[in-house]
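*Asks:* Provided herewith is a single structure, encoded as C-alpha cells, for subsequent inquiry.
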Amino acid sequence: MSQQPSELLEMQRSIEQRIQQAFAPEDEGLRFALAAAREAGLPEIQISPVQGKLLQVLAAACNARAILEIGALGGYSGIWLARALPPGGRLITLDLNPEHAAVVQKSFARAGVSDRAEIRVGKALDLLPALVGEAPFDLIFIDADKQPYPQYLEWALRLSRPGSIIVADNSVRRGFQFPTAQDENTAGIIEYNRQIVSNPQVVSLAMAMDDDYTDGFAISVVKHT
C-alpha cells in the first residue's frame with residue numbers, strides 16, 4: 001500500500017530532524033544568534049542547521065583559510081562558517097544594514113569567533129572591489145538581495161581561485177519554480193542559475209534541501225583551467 005503525501009512529508013521531516021540532531025546540533029552560541037536576531041526584528045530567513053554544517057563540510061573540502069560571506073543577516077551562518085576555519089583563518093562578511101551589523105558583532109562575540117570573523121558595512125557591490133587585494137577566497141557564500149546575484153557571481157569568480165567553492169542560497173525555490181522571471185528577484189536567481197550551468201569556469205549543482213525541498217543551495221566549484 002503506497003504512502004500518502006502527508007505521510008511521506010512527515011517521514012521526510014522526521015529524517016531531517018534526526019540528521020540535524022546527529023550531525024548539526026545547535027549550541028548556545030548559535031541559539032543566541034537566532035534569539036538576538038529575532039529580538040532585533042530581523043526576518044527569520046537564516047539557513048538551517050544542516051545547511052550550516054554543509055557549509056563547514058565544503059570549507060573543509062577546499063581547505064578554506066579565507067571565507068567571504070555576502071549577506072550577514074544576524075550572524076548565524078557566519079558562525080557556522082567561522083567555526084570551520086583553522087587557526088589563522090579569516091571570515092569577512094558583508095552587510096548593508098549597520099543595525100544588523102551590530103547584532104552580528106554581538107553574536108560573533110557570544111559564539112567565540114570574533115577573533116577570526118569581521119563584518120564590513122555597506123552595499124556589497126561597493127565593498128567587493130576593495131577585496132581584490134585580499135583575494136583569493138577559498139569559499140564564498142552568497143545570501144543577500146537576489147536581484148544582483150549575477151553580479152555577485154561575477155565578483156565571486158574574480159575573488160576566487162581554482163578549487164574555490166561558491167555557494168548561493170535561495171537559488172532553488174524561485175529559480176526553478178518559474179521558467180520566466182516574475183519579478184526582479186526571480187530574474188536575478190534565474191540568471192544566476194543560467195550562468196553557473198553555462199560558464200565553463202565552474203562545475204555546479206543545485207540542491208533542494210530546505211523548506212520541505214522547495215529551496216536550497218547552488219554549489220559551484222571553480223575549475224582548474
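*Asks:* Restricting to DSSP H runs of at least four residues, report the calculated mean residue ellipticity at 222 nm for the chain, -39500 (n - 2.57) per run over all residues, nearest 500 deg cm²/dmol.
*Replies:* Only helices count here, giving -13500 deg cm²/dmol.
*Asks:* Now for a separate question. Sticking to Cα atoms, compute the Rg of the chain to one decimal and its Dmax as the biggest Cα-Cα distance, whole number, in Å.
*Replies:* Reported Rg and Dmax, both Å: 17.3, 61.
*Asks:* Also: Placing one identical point scatterer on every Cα of segment 61-154 and ignoring solvent, what is log10 I(q)/I(0) from the Debye formula at q = 0.19 Å⁻¹?
*Replies:* Ignoring solvent entirely, the Cα scatterers give -0.84.
*Asks:* A further question on this structure: Accessible area of the chain with a 1.4 Å probe: how many percent of it is carbon plus sulfur?
*Replies:* Carbon and sulfur atoms account for 54 percent of the accessible area of the chain.
*Asks:* For the peptides 20-32, 190-202, what is the packing order when you average, over each peptide's residues, the other Cβ atoms within 10 Å and list the highest mean first?
*Replies:* 190-202, 20-32
*Asks:* With a 1.4 Å probe and every protein chain left in place, work out the accessible area per residue of the chain in Å², rounded to a whole number.
*Replies:* Ligands and nucleic acids excluded, the figure is 50 Å² per residue.
*Asks:* Can you list the HN-Hα couplings for segment 46-60, worked out from phi with the Karplus curve (6.51, -1.76, 1.60; θ = phi - 60°), rounded to whole Hz and with x for Gly and Pro?
*Replies:* Whole-Hz 3J(HN,Hα) from phi for segment 46-60: 5, 5, 7, x, 5, 5, x, 5, 4, 4, 5, 4, 5, 4, 5.
The values are calculated or read from the model by the stated rules, or taken from the named source; none is laboratory data. No experiment lies behind these values; they were computed from the predicted model shown. Quick reminder, even Gly has a Cβ in these numbers, built from the backbone with ideal geometry, and neighbours come from all protein chains shown. When the accessible area is computed, the model is the full protein with side chains, heavy atoms only, and any ligands, DNA or RNA have been set aside. Shrake-Rupley method; radii C 1.70, N 1.55, O 1.52, S 1.80 Å.
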